[in-house]
Amino acid sequence: MDGLLFPASSGLEGDPDLQFLLKGGDLLKVLSPSWKKTRYFRLQEDCKTMWRESKKTFKKNDTCEDSDLFYISLDDISAVQMGRQSEGLKKNTEEQVEDRCFSIIFKSRRKNLDLVSSSEEEGKQWVKSLQKVVSNLNNLSRKQKTEHWIFSCLRKADKNKDDNLSPSEVKSFMHLINIEVDDEYVEMLFKKCDRSKSGTLAGEEIKHFYDLLTQRDEIDVIYGEYAKTTGFMSAQNLVDFLLKEQREKATLADAHRIIETYEPDENAKEKKLLSKDGFLMYLNHPDAMILNPDHKDVYQDMSQPLNHYFISSSHNTYLMEDQLKGPSSTEAYIRALQKGCRCVELDCWDGSDNEPVIYHGYTLTSKILFKDVIKAISEHAFKTSQYPVILSLENHCSVEQQEVMARHMSSILGSALITSPLGDGMPTNFPSPEELKGKFLIKGKRLNKLEDTFAEAAADDNDVTEEEESNDEDAQKEKNTKLKLAKELSDMVIYFKSVHFHGFEDAQKNLSFYEMASFKEGKAMKLAEESANAYVRHNVEKFSRIYPAGSRTDSSNYNPLPLWNAGCQIVALNFQTPCTDMDMNQGRFLVNGKSGYILKPAFMRDVATEFDPITLTRGDWLTHKTLHVMVISAQQLPKVNQKKSSIVDPLVKVEIYGVPADVAEKETKPFDNNGFNPSWNENFQFDVYVPELALVRFSIEDYDSSSDNDFVGQYTLPFNSLKMGYRHVPLFNKNGDLLPSAGLFVHIMVLDAE
C-alpha cells in the first residue's frame, strides 16, 4: 500500500517541501507573553493532517489551552502568513523575532496558530512547504480529493502497517468512511476481492475493492442511456445529453472540448469518445455543477447608484463570539472581509494614552485599538472584492479622541478614503460600485447637511460680512456642543449620514438622499410586514441599515429575507455565528463574483413601484415558475459524531426562501447507516412566484428519532442561478467552508407555470 501514502494524482511524490513536513521539527507556540512553549509539529503520512506533540505529558488538572490542536487538518487552513502579522504575534512577541515568526490562519472560528521557528531560514521553509501542500490540496479535482480521503482512511484502517487489509481492518475502514455494514456484507465484498485467497487484500485487490466501493450506479444508468457507440459516448451522444438533459446550448465543438479536457483514457480521447470515468469527471467539475458558471464572476450591471444593491453587511464585526464577554479581535474583521462583507461596524470608545478603542461598550468583551482595526481593514478590504467598503461608525468617543480617529483613518486609508463627493458640485444621487472600486466610505453622524458645505463655499466667494460669519460660527459652536462631534470626523461623512427615522412621509419630505436611518430588527420587521410597499419605495431613494436586537447577547441572528424583500440594502448579521440566516446571506452573495454587491431587481429600483412582497399584487415581478427537484444520491458525507461507531442516517431537505408565498420546505426519508453513498431517488415540486428574490437551500441532516437532527452540510444559491439537468451540489460545513469530498447529486427542472 506504499502508493497510498500520497495519491499519485497529487503530483508531490518526492517533493523536498513535502519531505520537510513529513520529517517535521520543533516550533515555539505562542499564546500570551508568558505562554510560549516548544511543540513538535509534523505532517502525518496521510499528507492531510498535521500532528503536534507536547514536550511533556499533560497532567489531569493542566489548563491545556492548546489541547485542541493535537491534530490540524490541512483542509481547515485558510492561509499561512510569514512575519508578525497576526494580532497575537504583534502583542505577544518582540520585534527582533519578526523574521522567525509565522501564523497559520484557519477557515473556521478557530484561533490562529502563532509560531516562532529557531531561525529565519527554517521559518521560511515551514511557510513555503505548508503553502505548497495546502495549495496542492485545494487544487485537487473532486475525484482526486475523494481518492485522497479514501486512501488516508485505508492507511488508518491498516492497523499493523503491513500494507494488507484483513477482514477486521476492512470493517474498520468502512466505519471510517461512514458506512455501517454487517459482517456478512464485509465477508461477501472481501471474498469478491481476495482473488489470491490469502485471507488479506493487497495491491490490485485493494484497488478492486476501491472500484467496487466508488461504483456510482446512478451514473451508470445515465451514461448507459447515451453511450450508443460501442459502450462509449461519442461527441454527438454527448451533445444529445447536454441538449436534452442539461438544457444547454451545445455544439459538436463543445463536446470535443469536454472530451479533450476530461477524458483520462488517451485512446478514447484520440477517437473523440467519452468514457464513463471521463463523463463523471465532467459532471464533477465546478462549471458543470448546480451553480450557473456565468454567475460566478461579476455579471450584473455595477454602474447603478449604490442604494440599488443589496450589500453584504456585518454587525459588531469586531466580536469573535458572544456580545457580553467574548473576545474582540482584528481577525474578526479579516474573516468578514474574506467572506465578501462590504459593510463593517466599529464601536468606538475612549481608550488610554489618547488612543480610541473598539469593543462592545458596558460589557466584558475585550478591547482592541481603533488604529489596529483600520490597519487590518486597509490590508484586507479588497482581497476578495474590489468594490467599496463602508465603515459604519458607532461613535462614543470624546471630541479629542474623535480627532485621533479622523487622523488614523486619513493617514492609514489615504486617498482610498472618500472625503468629498465625486464630481463637481452637490450630488443628487449615489455614485455606483464601479466608480467607487477600491474606496472606503464612512457612515456616521455629521454636524451639518452636505448641502451646507457647498453653500458655505458659495458664501465665501460672495464675501460674507464678519457679522454673518460670526453668527454662523456661534450657531455651529452651539451645534458642536450639542452633538459633541469633531469637525474632522464629521467632514468624512459624505454619502452615509446617520439620522433618526420619523416615518416614510417625513423621510421623503425632509431627508436628503444620503441621510439614512438604522432600524432595530423588530421595528424593521414590523415595517416590512405592515408597510411593505412604502418600505420598498423608501429604499429606492434612500439607504436602510438593519441590526440585531440587543437581546441577542449570544450573537444569534434574525431572518434577513423579509428585509431584503422590502428592499433594505444593509441587513447586518453576526458573521461569527453559524446558522441558517448566515447560510442565506452566503447564498444571496454567492454570485456576482462574491463582490458583496447584488443588484436589486428592476421592480425594486422604480420610485413608483407597486411591488408588495406580502400581498403580491400583479406586476413584472410575478413570473410563476415550477421547480422540479429529484434528490438522487449523496457522496462522502462527513461524520457528525467522531466516535468510531457513529454512522450518519442522512436525510435531505430542499427549502425555498423568498416572498412569503414562495417559502416552502420538503424532505426525503432518512437513509439508514450510510454517509458514504446514500441514495433516495425522491421527487419534489415547488411553485415559485417571484424567482428574482428566491433562494434555494439544500441541506443534509443526520436523522435522530429521539432528538433534533444534527447538521451535516448545506448549499444555498439564488433560484435564478440554478442550472437544469443532472447536477452535483457542493456542500458547505456550518461555518460556510467547503466540505472537500462531500456532495449531493440531483436532477433539476424549471418550467414556466401555466
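The values are calculated or read from the model by the stated rules, or taken from the named source; none is laboratory data. Small disclaimer: the values here were computed from a predicted structure and weren't measured. Glycine also receives a Cβ, built like all others from the backbone with ideal geometry; neighbour counts cover every protein chain displayed. Only protein heavy atoms, including side chains, enter the accessible area calculation; ligands, DNA and RNA are left aside. Shrake-Rupley method; radii C 1.70, N 1.55, O 1.52, S 1.80 Å.
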statement: Mean Cβ-within-10 Å packing, highest first, puts peptides 200-207, 28-35 in the order 200-207, 28-35
- request: For the stretch 37-52, just list the computed ³J(HN,Hα) in residue order, Karplus coefficients 6.51, -1.76 and 1.60, θ = phi - 60°, integers in Hz, with x standing in for Gly and Pro.
  value: 9, 6, 9, 9, 10, 8, 7, 5, 5, 6, 6, 10, 10, 8, 10, 10
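Accessible area per residue for the chain in Å², computed with a 1.4 Å probe and the full protein assembly in place, what is it? Intermediate results must be reported in sequence, preceding the final value.
Numbers: 33580 Å² over 754 residues.
Heavy-atom accessible area per residue stands at 45 Å².
Need the full-extension length gain, Asn641 to Glu184, defined as separation in residues times 0.36 nm minus the C-alpha distance. One decimal, nm. Walk me through the numbers on the way to the answer.
Values: separation 457, 0.36 × 457 = 164.52 nm, distance 2.53 nm.
This chain segment gains 162.0 nm when fully extended.
Between Val607 and Val399, 0.36 nm times their residue separation minus their Cα-Cα distance comes to what?
Numbers: separation 208, 0.36 × 208 = 74.88 nm, distance 3.93 nm.
Extra length from Val607 to Val399 when fully extended: 71.0 nm.
Return a whole-number percent for the relative contact order of the stretch 180-290, with Cα pairs under 8 Å and 6 or more residues apart as the contact set. Each step should come with its number before you reach the end.
Values: 86 pairs, mean separation 18.7, N = 111.
Reported as a whole number, the value is 17 percent.
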Alpha-carbon Rg with Dmax, taken over the stretch 588-633, Å: 15.1, 47
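At a temperature of 25 °C and a viscosity of 0.890 mPa s, determine how fast the stretch 104-245 diffuses translationally according to Stokes-Einstein, using the Kirkwood radius over alpha-carbon pairs as Rh; express D in µm²/s, rounded to the nearest whole number.
On the way: Rh = 19.3 Å.
Stokes-Einstein gives a translational diffusion coefficient of 127 µm²/s.
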statement: On the formula 1/(1 + (r/R0)^6), with r taken between the Cβ atoms of Asn559 and Tyr40 and R0 of 45 Å, the FRET efficiency rounded to 0.05 is 0.40
message: Run the reach check for Lys439 against lysines, Cα to Cα strictly under 25 Å, same-chain hits fewer than 8 apart removed. What comes back?
response: Lys296, Lys339, Lys371, Lys375, Lys383, Lys449, Lys487, Lys497, Lys542, Lys594, Lys600
statement: For Lys509, placing the label point 7 angstrom along Cα-to-beta-carbon and taking the stretch 523-550, residues whose amide nitrogen sits under 17 Å are 538
- prompt: What would the Debye formula give as log10 I(q)/I(0) at q = 0.18 Å⁻¹ for the alpha-carbon point model of the stretch 625-754, no solvent?
  reply: -0.95
- prompt: Measuring from centroid to centroid over Cα atoms, what is the spacing of the stretch 85-102 and the stretch 496-573 in Å?
  reply: 43
statement: For Met724, Met174, Met320, the accessible-area ranking with a 1.4 Å probe, largest leading, is Met724, Met320, Met174
query: Could you give the length gained on full extension between Asp265 and Glu225, defined as 0.36 nm per residue of separation minus the Cα-Cα distance, in nm?
result: 12.3 nm
statement: Between the modelled labels at Ala253 and Lys526 (7 Å from Cα along Cα→Cβ) the distance in nm is 6.1
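Which percent of the accessible area of the chain is formed by carbon and sulfur heavy atoms (probe 1.4 angstrom)? Intermediate values should be presented prior to the final figure.
Numbers: 16050 of 33580 Å².
Answer for the chain is 48 percent, counting heavy atoms of protein chains only.
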task: State the three equivalent ellipsoid semi-axes of the chain, derived from the C-alpha gyration tensor as the square roots of 5 times its eigenvalues, in descending order and whole Å.
output: 50, 35, 22
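Report the FRET efficiency, 1/(1 + (r/R0)^6), for Asn673 and Met749, where r is their Cβ-Cβ distance and R0 is 30 Å, rounded to 0.05.
Details: r = 31 Å, r/R0 = 1.04.
It comes out at approximately 0.45.
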task: Pick out, from Asn112, Leu165, Ser141, the residue whose Cα sits farthest towards the positive end of the charge dipole of the stretch 74-203, with +1 on the Cβ of Lys and Arg and -1 on the Cβ of Asp and Glu.
output: Ser141
- prompt: What residues from the stretch 378-398 fall in the zone where the backbone N is under 19 Å from a label point 7 Å along the Cα-to-C-beta line of Leu738?
  reply: 383-385
message: Please list 3J(HN,Hα) in residue order for the stretch 705-719, calculated via the Karplus relation 6.51 cos²θ - 1.76 cosθ + 1.60 where θ = phi - 60°; whole Hz, with x for glycine and proline.
response: 6, 9, 8, 4, 5, 8, 6, 10, x, 7, 8, 10, 8, x, 3
query: What value, in deg cm²/dmol to 500, does the helix sum -39500 (n - 2.57) over DSSP H runs of n ≥ 4 give at 222 nm once divided by the residues of the chain?
result: -9000 deg cm²/dmol
- prompt: Gln19 versus Tyr71, label points 7 Å from Cα toward the beta carbon: distance in nm?
  reply: 2.8
- prompt: Per the Kirkwood formula on distinct C-alpha pairs, the Rh of the stretch 280-340 is how many angstrom?
  reply: 15.3
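At 10 °C and a viscosity of 1.306 mPa s, what translational diffusion coefficient does Stokes-Einstein give for the stretch 629-704, taking Rh as the Kirkwood radius over Cα pairs? Give it in µm²/s as a whole number.
Details: Rh = 13.5 Å.
Calculated translational D: 118 µm²/s.
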query: Between Tyr703 and Leu213, what is the label-to-label distance in nm when each label sits 7 Å out along the Cα-to-Cβ direction?
result: 2.5
- prompt: Going 7 Å from the Cα of Glu665 in the Cα-to-Cβ direction, what parts of the stretch 718-743 have a backbone nitrogen less than 19 Å from that spot?
  reply: 718-719, 732-736
field: Computed E for Glu434/Asn160 - FRET, C-beta separation, R0 60 angstrom, nearest 0.05
entry: 0.45
